[in-house]
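J.: Below you will find the structure I want to go over with you.
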Amino acid sequence: MKTLLTIFALLLAMTGHANDWNRLWIGCQQTDPTHQVWFQRTYTLRQRPTEAYVEMASSGRFILYINGYNVTTSLLEPLDERRGDTIGVVRYEVTPFLRRGDNELKVWFSPVRDDPRQLSLQMYGMMGGMPFARSADASWICRDAFCATLPDGSEWVDGRQHILREQPLFGWNPAALADCRQSVLELVLPTETTALKSMITTYDIIDCDSLDSTRVVFRGSAAGRGILRVTLRETHRGDTIHVNGLHYICRGNGDEQAFRRFTTEDIGEAVIQGPVWFSRKNVTSVEAIRISSVFYP
């Protein structure tokens with residue numbers, strides 16, 4: 001069985017890795033190329049696979065969910081510094097997340113540049129003693145994620161859409177096959193020695209200065225690049241809180257957390273600014289999460 005699956009995977013690689021335009025690419029035809037996107041598809045399997053993998057390629061970054069579980073192994077995937085003329089490729093072993101019957105795959109995509117190659121996905125493995133394969137195509141659906149990744153590295157996140165993200169029928173449209181004939185980019189193939197993974201360390205914020213009634217600065221022991229996670233309380237729905245380069249639109253319903261999903265920032269200092277009602281009492285905690293790129297076997 002292992003030999004059969006190996007041959008099957010090699011056949012997929014031969015058709016998908018030679019050139020990026022030989023892969024089947026899909027995209028969401030949103031009006032603004034900076035907007036983040038949700039892709040979704042449900043596959044019905046006649047029995048639970050005994051072995052299964054998902055291989056993904058993208059010109060941006062993504063989070064993969066299978067049946068509600070985040071199976072992405074890195075915080076910023078694909079975490080590859082060679083972004084100039086390459087397409088990142090990542091492979092996951094997903095056997096534990098699949099089941100007999102309906103299996104929902106969701107991908108949260110963030111653009112790194114304006115490129116039609118938003119997503120190429122292949123799921124393959126062994127089921128009932130035979131190889132199986134599924135590929136992302138025009139049968140997938142997509143919609144706006146109500147978030148944006150801007151060229152300067154900042155992010156917009158609309159906290160009001162948190163509940164809407166859990167409603168599977170809200171705002172979905174058919175995904176489109178991407179026309180990639182005009183340009184060819186190099187694929188960065190996954191290997192056991194060159195994949196990159198993020199390491200996360202959380203630090204306590206040890207100091208806070210109020211500069212004025214609507215601007216607060218937190219200084220902590222952390223240093224370097226990472227993500228700041230700010231917990232807010234008693235916010236006003238629709239107002240915007242700015243945390244360094246993050247622009248968060250408040251939900252205004254209980255405690256809520258503002259943090260980046262697909263970009264990093266300097267975590268030594270958190271400058272938090274809001275509208276006229278905002279003050280130090282609206283911030284219950286600030287966490288600094290440092291991210292380091294390392295090679296793993």
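The values are calculated or read from the model by the stated rules, or taken from the named source; none is laboratory data. Note that this is a predicted model, so its numbers are computed, not measured. We place every Cβ from the backbone using ideal geometry, glycine too, and count neighbours over all the protein chains shown. What goes into the accessible areas is simple: the full protein's heavy atoms, side chains included, and nothing from ligands, DNA or RNA. Shrake-Rupley method; radii C 1.70, N 1.55, O 1.52, S 1.80 Å.
J.: Over 20 Å from Ile141 (Cα atoms), polar (S, T, N, Q), open to solvent by less than 30 Å² (accessible area, probe 1.4 Å) and at pLDDT 85 or above - does that describe any residue in the range 70-79?
T.: Yes, the conditions are met somewhere in the range 70-79.
J.: Still on this model: Got at least one residue in the range 119-135 being touching an Asp or Glu at 6+ places or on another chain (Cβ under 9 Å), closer than 29 Å to Ser292 by Cα and open to solvent by 40 Å² or more (accessible area, probe 1.4 Å)?
T.: There is no residue in the range 119-135 that is touching an Asp or Glu at 6+ places or on another chain (Cβ under 9 Å), closer than 29 Å to Ser292 by Cα and open to solvent by 40 Å² or more (accessible area, probe 1.4 Å).
J.: Another question, then. How many residues does the range 112-161 hold that are in a loop (DSSP other than H, G, I, E, B), more than 15 Å from Val89 (Cα to Cα), touching a residue at least 60 places away in the same chain (Cβ under 8 Å) and within 16 Å of the chain's Cα centre (by Cα)?
T.: Qualifying residue count for the region: 3.
J.: Restricting attention to the range 21-75, which residues are in a loop (DSSP other than H, G, I, E, B) and of a type in the set (Phe, Trp, Tyr)?
T.: Trp25 - this is the single residue of the range 21-75 that is in a loop (DSSP other than H, G, I, E, B) and of a type in the set (Phe, Trp, Tyr).
J.: Select, from Arg251, Arg215, Arg237, the only residue that is modelled with pLDDT under 90 and either under 25 Å from Trp38 (Cβ atoms) or basic (Lys, Arg) (or both).
T.: Only one candidate passes the filter, namely Arg215.
J.: Consider the range 38-50. How many of its residues are touching a strand residue (DSSP E or B) at 6+ places or on another chain (Cβ under 7 Å), over 16 Å from Trp140 (Cα atoms) and open to solvent by 30 Å² or more (accessible area, probe 1.4 Å)?
T.: Within the range 38-50, residues that are touching a strand residue (DSSP E or B) at 6+ places or on another chain (Cβ under 7 Å), over 16 Å from Trp140 (Cα atoms) and open to solvent by 30 Å² or more (accessible area, probe 1.4 Å) number 2.
J.: If you don't mind, another one. Within 25 Å of Met130 (Cα to Cα), of a type outside the set (D, E, K, R) and either at pLDDT below 70 or part of a helix (DSSP H, G or I) (or both): does that describe Met14?
T.: When the stated conditions are applied, Met14 passes them.
J.: Could you list all residues from the range 84-107 that are in contact (Cβ under 8 Å) with a residue 60 or more places away in the chain and surrounded by fewer than 21 Cβ atoms within 10 Å (Cβ to Cβ)?
T.: Listed by number, the residues that qualify are Asp85, Thr86, Arg91, Asp102, Glu104, Lys106.
J.: Return yes when Ile249 is surrounded by 18 or more Cβ atoms within 10 Å (Cβ to Cβ) and touching a helix residue (DSSP H, G or I) at 6+ places or on another chain (Cβ under 9 Å) and no when it is not.
T.: Taking the combined requirement at face value, the residue satisfies it.
J.: Name the residues in the range 218-234 that are part of a loop (DSSP other than H, G, I, E, B) and either among the aromatic types (Phe, Trp, Tyr) or at pLDDT 90 or above (or both), would you?
T.: Arg233, Glu234
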